[in-house]
Every structure is written in C-alpha cells, then in structure tokens.
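Working notes, beginning with the structure itself.
The values are calculated or read from the model by the stated rules, or taken from the named source; none is laboratory data. Quick caveat: nothing in here was measured; it's all calculated off a predicted structure. For neighbour counting, all protein chains shown are included, and Cβ atoms are generated from backbone atoms with ideal geometry for every residue, glycine included. Just so you know, the surface numbers come from the protein's heavy atoms only, side chains and all, with ligands and any DNA or RNA stripped out. Shrake-Rupley method; radii C 1.70, N 1.55, O 1.52, S 1.80 Å.
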Amino acid sequence: MRYRVLILFFLGLFAAFSSWAAPSQQRFSDWQVTCNNQNFCVARNTGEHQGLVMTLARSAGAKTDATLRINLGGVNTSTARIAPIAPRLLLDGKLLPLTGNNWSITPQRLITSHPATISDFLQTIQNAQAITLQNGEGIISLVGLKAALLFIDAQQKRVGSETAWIDKGTSPPLSVPPAPALKEVALVNPTPTPLTREELDDLLDYANWRMGNTQCSLDPARREVRVTALTDDKALLMIGCEAGAYNTVDLAWLISREKPYVARAIKLRLPFKPGSGDDELELMNVGFDTKTRELTTLAKGRGLADCGTQTRWRFDGQRFRLVRYAEEPSCDNWHGPDAWPTLWITR
C-alpha cells in the first residue's frame, strides 16, 4: 500500500514536466537519487557505508541503458591490499548470488550493463536490509532502495511499462518518453586576441583601484587578482574577497578592453531551482578554464572536497550561461568534485 501511494504521488508530481525535465535530487532513507535535465538518473547508498557503495545509473527513453556497479573505495582511500570483494558479498548475512555471465569483476569492483542481469539483481535485493562484506568492513544499506527505484521510474515515466524497475506493467518500451532535447550554449569568440602587456598592466591598475573601493574582509595582501581576455573587446576580472578554511568568495566583472573602462559585475543565475531554493549562485573558488573558455566555481562542503557544488559557465556574448551543474550533498568520503552527480548539462 505504501508504494502504491508513492506511485500516485510521483505521477502527480511529474505530470507537469512533459516537455522538459526538472532537475531533482532526493533522499530516501539511506539512498540518494539525482536526476538531471536529461532525465539521466543516478542513485547510490550514502551514510556510514565504510567505502562499500552500490551505484545505479539509468538514461531516459525506451532503451534500457543502465549500469549497476558495486565498488570498494573512497576519497584518498587505498584498497590495494584488500581481498577481492565479489566472493565476500553477503545479503542479510548470506552469500549474495551473482547470476549470469554478464558481470565485469575486478578485485574492488563489480559492474554490469546487462538489462536482465540488473533487473534480476534488483529483484533479489530490493526487500533485503543490507549487503555487507564477509571478514571485512563495508555496508550497503538497502533501506530506501525500493523508493529510490520507484522515484527513477516515475521521473522517467516508466511506471506501468515493461521497462519499470518497480511495479512493471504491460505498456511497451516505446511508451516511455525520450530524453528532452539537449540545450546548447554556443561558444562566442573561442580564440580571442591575447591581452598585450600594456593592456594587462592597465587592467591590473584598474583592478587595484577596484579592489581598493570594494568592501572585502580578506587582507589586501591575500586578495588574488586575475585578468584574462574573454573576447576581442571584453576581459574577465576576478578578485578574491572573502575567505574561510577551504572556500574563497570571489568577485568578478566583465570589463571593456579599451579605456574608459566599463565594468559590469558578474551574476550567476541558475536556470532551475536547486535544493537550497536560491537560484543565484555565489562565486566560490572561481576559476577560468582557458581550454574550454568556461568560468568555473567550486563550493566545498568541507575541506576533504567530498561534497559540495561544482559548476561551469560559458559566455554567450552577453552573459555567462550554465553548461554544467554537479552537486553532492552527502559528505561521506566517497568521491571528489569531478565525479559528483549532475543536475544540469548542455552541449
């Protein structure tokens, strides 16, 4: 009965998003689910897993593109001398059967992208309590897994279809809507004329004036000033303003490359509402990737950088537009910023 109620709730929740996918990140007991604007969903166990994590990823659409993997690892964690995990996995205290020949197995990882193997495995474990390691640490809590799978089915509109993981039906795979069209942010002026020495010196003088007329708590001697050519007629100016233990709040301006300088403060606004409810993003640990020509931010949840928010922005000629947003709310020593789940992607 509980899951029938959840089905009705999720169907009502997602009925409004027929033409586009609303990014979503939800927690169900010990499981976290992230679905991005392409309805690509990733779920994993969180919390006190001691480095043993199961991750499920599934794309939207009629194809059953999915991956299931179990890893032993973590940020700055060495597993080189640990015995292989596959033969030591226990399901509620009993050896966990791995049926079929469609698993790729290495000492610290099991992975499969075979649809039937994934479905059978989920059927086996979804009503259990935990997967543990025999003669070793590590626990995958399964509390919340079933609700997490149902959330993915509802987000991708699979409930009642043959491709659903929970509450399968008779609707054919083609009844499942495809992924929404991938948005594009065109790159303007990808190879701008580099700043001359004279331009750089003048812009740095302007930056020093700007820094002296801006209220910042960071000691002036520690305020890093960076200037780079953004287009042939605009430069990007970034100044460190506030600093904590592992994050620096920056200020940034678009500035003309010719005098008299005209500067406009950069504001980063998300095209969706994140979990915090605030769609204006603070410029945290700002950088500029000269290869991709993208502005980057990284807000660390703690010094280990195993949780937080990472974004990338591309200049379209008028403003910076979001091209990638990744967020990891669970500070559980699992992975670093480049592996955090995405809520927004573009091409």
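Brief remarks on what is shown
- With the simple spin-label model, which puts each label point 7 Å out from Cα in the Cβ direction, the residue 316 to residue 193 separation comes to 2.7 nm.
- Counting 0.36 nm for each residue step from residue 242 to residue 22 and taking away their Cα separation leaves a gain of 75.9 nm.
- For peptides 256-267, 236-247, sequence by mean Cβ density within 10 Å, most packed first: 236-247, 256-267
- Kirkwood hydrodynamic radius over Cα pairs of segment 192-347, then Stokes diffusion coefficient at 25 °C and 0.890 mPa s, in µm²/s: 148
- Summing Cβ point charges (Lys, Arg +1; Asp, Glu -1) relative to the Cα centre of segment 164-251 gives a dipole of roughly 440 debye.
- Highest-first packing order for the peptide set 331-342, 173-184 is 331-342, 173-184, based on the mean count of other beta carbon atoms within 10 Å.
- Annotation: extensible slack from residue 273 through residue 94 equals 60.1 nm (criterion: 0.36 nm per residue apart, minus Cα-Cα distance).
- Summing +1 for each Lys or Arg and -1 for each Asp or Glu among the other residues whose beta-carbon sits under 14 angstrom from that of residue 59 gives +2.
- Candidate lysines for bridging to residue 146, where Cα separation is under 17 Å - those fewer than 8 sequence places away on the same chain excluded: 157, 168
- Neighbourhood charge, 12 Å Cβ-Cβ cut-off, centred on residue 161 and excluding it, Lys, Arg +1 and Asp, Glu -1: 0
- Net charge dipole size for segment 210-347 [Lys, Arg +1 and Asp, Glu -1 on Cβ; Debye, nearest 20]: 540
- For percent of Cα pairs over 29 Å apart, calculated from these coordinates, the label among [x] 37; [y] 49; [z] 34: [y]
- In order along segment 319-332, the phi-based Karplus estimate (6.51 cos²θ - 1.76 cosθ + 1.60, θ = phi - 60°) of 3J(HN,Hα) comes to 8, 8, 10, 5, 10, 7, 9, 10, 9, 10, x, 8, 8, 10 Hz; Gly and Pro are listed as x.
- Here the 3J(HN,Hα) profile of segment 88-95, calculated from phi with Karplus coefficients 6.51, -1.76 and 1.60 at θ = phi - 60°, is 10, 6, 10, 10, 6, x, 10, 3 Hz, Gly and Pro shown as x.
- Normalised per residue, the accessible area of segment 40-137 is 49 Å², obtained with a 1.4 Å probe and no contribution from ligands, DNA or RNA.
- Local net charge near residue 241, Cβ-Cβ under 13 Å (Lys/Arg +1, Asp/Glu -1): -1
- Taking only the alpha carbons of segment 257-347, we obtain Rg and Dmax values of 14.4, 50 Å in that order.
- Among the protein heavy atoms of the chain, carbon and sulfur supply 51% of the accessible surface, probe 1.4 Å, non-protein parts ignored.
- Whether segment 82-199 is rounded, prolate or oblate, judged on the alpha carbon gyration tensor where a/c under 1.5 counts as rounded: oblate
- The charge dipole of the chain, taken about its Cα centre with unit charges on the Cβ atoms of Lys, Arg (+1), Asp and Glu (-1) only, comes to about 780 debye.
- Proximal lysines relative to residue 291, as straight alpha-carbon distance under 25 Å, when same-chain residues fewer than 8 apart are discounted: 183, 234, 267, 300
- Most mobile of 198, 137, 162 in a GNM of the chain (Cα contacts under 10 Å): 198
- Per residue value of the accessible surface for segment 166-242 (all protein chains in place, 1.4 Å probe), Å²: 60
- The phi-based Karplus calculation (6.51 cos²θ - 1.76 cosθ + 1.60; θ = phi - 60°) puts the 3J(HN,Hα) values of segment 125-140 at 9, 5, 9, 8, 9, 6, 10, 10, 10, 5, 6, x, 7, x, 8, 9 Hz, whole numbers, x for Gly and Pro.
- Here the sum of -39500 (n - 2.57) over DSSP H runs of 4 or more residues, divided by the residues of the chain, equals -4500 deg cm²/dmol at 222 nm, to the nearest 500.
- Taking amide H as placed 1.01 Å from N in the peptide plane, the amide H of residue 307 sits under 5 Å from that of 301, 302, each at least 5 places away or on another chain.
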